[in-house]
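The values are calculated or read from the model by the stated rules, or taken from the named source; none is laboratory data. Quantities reported herein were computed from a predicted structural model and do not represent experimental measurements. Note that each Cβ is placed from the backbone with ideal geometry, even for glycine, and that neighbours are counted across all protein chains shown.
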Amino acid sequence: MIELVYYDFPRTINLSNKRKPLYYKKKDKLPLKYNTKDFSFEDGILIFNKTGEKVIKNWDVLDTPRTLTINGNLYKSLNLLPSQRNKINTILKEYFRTKTQIELTPPIFIKFFFHTDRRDIEDINNYDKFYIDAFFDALIDYDIKMVKIPKQKTGKKQTSERIKRIAPFPDDCVDFIKGYSSQFVLSTERKLVIQLWNITQ
């Protein structure tokens, strides 16, 4: 059995480093302070007549990172875009991939133990899916890195070559990963403990 411990595993995901400005459009319900002769619409966008500047709708969060907090409700949310779901998986997969070094002969069974505060988890069967999917992907994913080759070694212009990192497992099908379980553990120390058990056919 191999036990992996990830302290303070990701709770929030940065979707973008900066939020772009949003502007009021004709179809929007305007706050009362903008329903005056000092404001009007130009090309469908609300502007301040004196300066001609567009009125920013999200000024309170402008230039701040846009984040998502992982919880059970988020996994089933219809408001979660496919691109956002992919971004979450990509970030978590990279997190696990860079922190995981294992040598274990398949097939295996995996146990996930989420040590955290009760307020962090509502229903484990939805909460754990982001992490389990990403961890499985990290086990079978390989890294292709482009490395520059100096000119003097080739006699030609600077080129590059691919270097592959071999994945721990070739696939995450049942031939290699027989199953998994997940459990919530009440704790003031936030960590994710993953046990990988070698099992016989």
Which one of these does Leu62 not meet: (1) under 30 Å from Phe130 (Cβ atoms); (2) aliphatic (A, V, I, L, M); (3) modelled with pLDDT of 85 or more; (4) part of a loop (DSSP other than H, G, I, E, B)? (3)
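Of these, Ile13, Ile91, which one is among the β-branched types (Val, Ile, Thr), within 30 Å of Phe135 (Cβ to Cβ), touching a residue at least 12 places away in the same chain (Cβ under 8 Å) and not in a strand (DSSP E or B)?
Within the list Ile13, Ile91, the selection yields Ile91.
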Among the residues of the stretch 100-146, what is the count of those that are closer than 23 Å to Lys178 by Cα and basic (Lys, Arg)? 2
If a residue must be out of contact with any Pro (no Cβ under 8 Å at 6 or more places or on another chain), surrounded by 12 or more Cβ atoms within 10 Å (Cβ to Cβ) and assigned to a loop (DSSP other than H, G, I, E, B), how many such residues does the stretch 22-57 contain? 6
Between residues in the stretch 65-87 that are closer than 14 Å to Ile124 by Cβ and residues that are among the basic types (Lys, Arg), which pairs lie under 7 Å by C-beta distance while being six or more apart or on different chains? Ile70/Arg11; Tyr75/Lys129
Cβ pairs under 8 Å, 6+ apart, first in the stretch 178-200 and free of Cβ contacts under 8 Å to residues at least 24 places away in the same chain, second surrounded by 16 or more Cβ atoms within 10 Å (Cβ to Cβ): none
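Would you check if Glu42 is at pLDDT 85 or above and under 36 Å from the mean Cα position of the chain (by Cα)?
Criteria not met by Glu42.
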Taking the stretch 58-88 on its own, how many of its residues are within 13 Å of the chain's Cα centre (by Cα) and surrounded by 16 or more Cβ atoms within 10 Å (Cβ to Cβ)? 9
Taking the stretch 80-119 and keeping residues β-branched (Val, Ile, Thr) and in contact with a helix residue (DSSP H, G or I) (Cβ under 7 Å, 6 or more places away or on another chain) leaves Ile88, Thr100
